[in-house]
1. What is the total of Lys pairs in segment 22-70 with C-alpha atoms under 26 Å apart, excluding same-chain pairs fewer than 8 positions apart?
2. Per residue, how much accessible surface does segment 30-70 expose to a 1.4 Å probe? Answer in Å², no decimals.
Amino acid sequence: MDGIDAETFDNKTIFFLLFAEDIFEKRKHIHVEIRKGKRRYVATFWLEPKIELIKIGNLSSSEANKARKL
């Protein structure tokens, strides 16, 4: 996957995504996507003033915590 940053843990791939329209938001945030086979699980985190979970989507709490620590 050229040009995409990803980390792998527990045989899953985690992507940290930034979208062009997000630059207009007042607070910086990042979208997290974990792929398990064909399924995708998502969450969103504020990056400032501290890392904080905004929206858990369909990601489990334990996986959201793992993503936050990365």
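The values are calculated or read from the model by the stated rules, or taken from the named source; none is laboratory data. All values derive from a computational prediction rather than experimental measurement. These area figures cover heavy atoms from the full protein model, side chains too; ligands, DNA and RNA do not enter into them. Shrake-Rupley method; radii C 1.70, N 1.55, O 1.52, S 1.80 Å.
1. 18
2. Spelled out: the 1.4 Å probe surface of segment 30-70, per residue, equals 67 Å².
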